[in-house]
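Below is one structure, written out as structure tokens, with a few remarks after it.
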Amino acid sequence: MKILVVEDETVVARRLLRMLAEILGDHASLTHRRTLDEAMDWLRGHPVDALFLDLNLAGKNGFDILAEAVAGPQQTIVVSANTERAVEAFEYGVLDFVAKPFDAARLRLALDRLEMGSPAAPPRYLAVRGARGIEMIVIDAIVLINGAGNYAEVVLGDGRRVLHDKSLDALTRLLPAQFQRAHRSHILNLNDVARLQSLPGSRYRAVLKNGDQVPVSRGRIKDLRQQMI
Amino acid sequence: MAASDGWDSRHWYDVRFRTLAWLRCRVEIPELYRAGQKPMGLYVSGTLSTEIWWNGELLGRNGQPAGNAKSETAGDINVVFFVPPERLLPGDQTLAIRLSAHHAGYRINTPLDALYIAPYQNPLSVIRNQYRPSMFTVGALLLAAAFLAGMWLRTRTAASAWLALACVFVLGQLGAEVSRAFWSYAYSWHATRLLAVSLFSLAGGFCLVGYLTARFAGSRRWLIPIVLVGVISIPILRVPDLITILIIATSLVCGLGVAFVTLRRGQRDAWIALIALLGALIVLAHEPTQFLDQGQFLTFTLLLLVFFVDHIRSFDRTSRERDQAQLTSARLELELLKKHLRPHFLMNTLTSLSEWVETAPRTGVAMIDALAKEFHTLNRVADKTLIPIEDELDLCRTHLRIMGFRQDLEFSLEVEGDPVDGLMIPPAVLHTLVENALTYGAYQQDTTLTLTVERGPRRALLTLRVPSKATDAGPEGTGLAYVRARLAEAFGERWVFDGGPDNRGSWVSRLEFPGVAQ
């Protein structure tokens, strides 16, 4: 597992790295950067599974940092002193929020969440990197997400399509329960599904409220039917 | 001496002498006394002893007139003689008064103030009627004096005391004046009574102007003319009413002086006092001879009440300003304490501490010591306006030590220049600058901050130099509002605080303030 720790407090970073190494043993590849800029530079050439992120870096506003982090392909775990901003952090789509001071047991819990990929609290926004910087999209506005290589194409209620850096797998686990994988290449927002149709040849599809049609794989149809009831 | 009283003044002549004298005149008697419908009284007021002869027969005596002071017995200042109807002759009556005034004690135009016939009654009740309007002011003055005295006890403000005393002395003057209507005394006391009136007016005028100097921070020199007029006029002039008028006029003019100078200085609230004093002076100038008996107490009470209301308003404003200042101090104290409870400082410190405790317990303990010291010092200085700079430097160094433990680096503060002993500074001002330097400097190697102290006779200049790559004001950050508020709280407007890059890799903050030596 590849982890990047972004923390400007030397001793705090040392503690984090020491404990992660102890828990993960040989599986871990740990990197430390002191600033977000340095971290982003590193990420360009070295994709990681998770970012352990301090929200207060050299006096910068934590949520600009956070938006930058959660828009990336990796999962983000916040390690911060500002616990009163945890709710907001989860809304941004972080996987976990570890309050300082922390111990090894708390980090183990965060790593478990990382393994499962499901956040401690559901997000309200999805951060997408657009031409004009990072945009926070309200999750309820997402109708459909299509896989597109390493990216995901997010289709919004107003017909707009935006690209997100995370994979469909990561998104499936990150998003709330109303978002279900219908197909290798599609995640549906069940709230936007009008009905499920059976087609000749044991093929299935979902008809969305906006009229769009999305194929549903044979293995998923039973689950979806149950969820729709 | 109205005509209806039946006094015929045709035969009146001046009595200027002090020897034994006779006064003779003819008196017309109104019909109602002849018919016996009302008892007839002959009223005599003045600083004299009298023997009254009615149609050649002795009617009565007030004291014992005589040719010299030794054999004279002083009569009462106000007396009435009953004239029985059977003593009346048809036509005009012949009234002869044998009088002497050896005990008057001061120069007088005439010893006889009043001589008239009126229905018989207590002579004092007639005088009382004359003073009635003045007596209405007693209650107001008493109440104001009591309230102001209470205010002085609570706040110890000089203005309250001055005004309370002014009320008391005006009351004293009123008492001395009005006592004549309640107490029929031997005329030899009259001079003493009038002297008391003058002295009370002197003290009252003095306190009135004293109040104005206290209220408007005016010069006490305005009190000198009043004292001079009192000291010179009382022994020299020997005309009591004139002395009192002079004293009152001088007090009003000096009060006007204080108000005028205050107004010129730009303190606009002095105009109320100015108008009130001007009004009183106009009333006095309008009828100076009648002022003492009639207008004086109403005028003075009105004047004092205007000052009273103005004083309360000013007091109210002052206490509101004081409350505001206290509120600001409390807010600054809270801000300082909160700064150390802010999660970013506290939780990062505790996380680092956990790491040291687990990996290098000795360092952990040293860090705990530093933390304890910082909180101890903080607790001691947070509620102060000014602290010895040694305490402030302690606070800075302890903070640097804690931050050193957090970054596993050596941070230090060097002090150079003039000695710092006796220099006072608002708490956590340098500390805030040091804190900002560390937050925005993001130092990754051992770092020394330098504080240069320069002290003049009245000012102290502190220059803090910290390594910084910053080239504009941006990185100094949020604590500066705190620094400015603390400086304003301690030094009003007598401070300078600025900062900027020196183009040699440092950020320089400059603090200039009065170098209070304590």
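Every number here is computed from the coordinates shown, using simple stated rules; none is lab data. Values in this document were obtained by computation on a predicted structure and should not be read as measured data. Here the Cβ is made from the backbone with ideal geometry for all residues, glycine too, and neighbour counts use every protein chain on show.
Quick notes
- 3J(HN,Hα) from dihedral phi, segment A:177-187, Karplus parametrisation 6.51/-1.76/1.60, rounded to Hz, x for glycine, proline: 5, 5, 8, 10, 6, 9, 6, 3, 10, 9, 10
- Cα gyration tensor shape for segment B:246-294, rounded if a/c is under 1.5, else prolate or oblate: prolate
- Segment B:325-333 - phi-based ³J(HN,Hα) in whole Hz, Karplus 6.51/-1.76/1.60, Gly and Pro as x: 5, 5, 4, 4, 4, 4, 5, 5, 4
- B:Glu28-B:Ile275 FRET efficiency (beta carbon distance; Förster radius 30 Å; 0.05 resolution): 0.05
- Amide H contacts of B:Tyr120 (H built 1.01 Å from N, under 5 Å, at least 5 apart or other chain): B:Met40, B:Gly41
- Likely footprinting exposure, A:His183, B:His431, fewest C-beta neighbours within 10 Å first: A:His183, B:His431
- Angle in degrees between helix B:343-359 and the longest Cα principal axis of chain B, rounded to the nearest 10: 40 degrees
- Helix B:240-264 axis, angle to chain B major axis (alpha carbon atoms, nearest 10°): 30 degrees
- By average C-beta atoms within 10 angstrom, highest first, the peptides B:496-507, B:210-221, A:15-26, A:193-204: B:210-221, A:15-26, B:496-507, A:193-204
- Straight-line reach from B:Lys384: taking Cα to Cα under 29 Å and skipping same-chain neighbours fewer than 8 places apart, the lysines in range are B:Lys338, B:Lys339, B:Lys373.
- Ordering B:Phe497, B:Thr447, B:Val508 by the projection of their Cα atoms onto the charge dipole of segment B:418-509, which places +1 on the Cβ of Lys and Arg and -1 on the Cβ of Asp and Glu, puts B:Phe497 at the extreme positive end.
- Mean partner shielding of peptide A:102-109, defined as the number of other chain Cβ atoms within 10 Å of each residue Cβ, is 1.
- The charge dipole of segment B:112-200, taken about its Cα centre with unit charges on the Cβ atoms of Lys, Arg (+1), Asp and Glu (-1) only, comes to about 240 debye.
- Average beta-carbon neighbours from other chains, 10 Å sphere, peptide B:340-348: 5
- Amide H within-cut-off set for A:Val5, under 5 Å, with H built and near neighbours excluded: A:Thr31, A:His32, A:Arg33, A:Phe52
- Once both labels are positioned 7 Å from their Cα atoms along Cα-to-Cβ, the gap between A:Ser29 and A:Gln178 label points is 3.8 nm.
- The order of B:Cys25, B:Cys207, B:Cys396, going from fewest to most other C-beta atoms within 10 Å of their C-beta, is B:Cys25, B:Cys207, B:Cys396.
- Distance between the modelled labels on A:Ala141 and A:Asp223, one decimal in nanometres: 2.8 nm (7 Å Cα→Cβ projection).
- All lysines inside 27 Å of A:Lys166 as judged from Cα atoms, apart from same-chain residues fewer than 8 positions distant: A:Lys2, A:Lys60, A:Lys209, A:Lys222
- Model label sites at B:Asp446 and B:Asp383, defined 7 Å from Cα along the beta-carbon direction, differ in position by 4.1 nm.
- Think of it as helices only: each DSSP H run of n ≥ 4 in the protein assembly as shown is worth -39500 (n - 2.57), and spread over all residues that comes to -15500 deg cm²/dmol at 222 nm.
- Counting only other chain Cβ atoms within 10 Å of each residue's Cβ, the peptide B:440-446 averages 2.
- Cα gyration tensor category, rounded, prolate or oblate, for segment A:1-77 with a/c compared to 1.5: oblate
- Per-residue extension of 0.36 nm, minus the Cα-Cα distance of B:Thr359 and B:Ala372, leaves a gain of 2.6 nm for this segment.
- Label point 7 Å beyond Cα of B:Arg317 along Cβ direction - residues of segment B:127-159 with amide nitrogen under 19 Å: B:157-159
- Rg then Dmax, both in Å and based on the Cα atoms of the protein assembly as shown: 48.8, 160.
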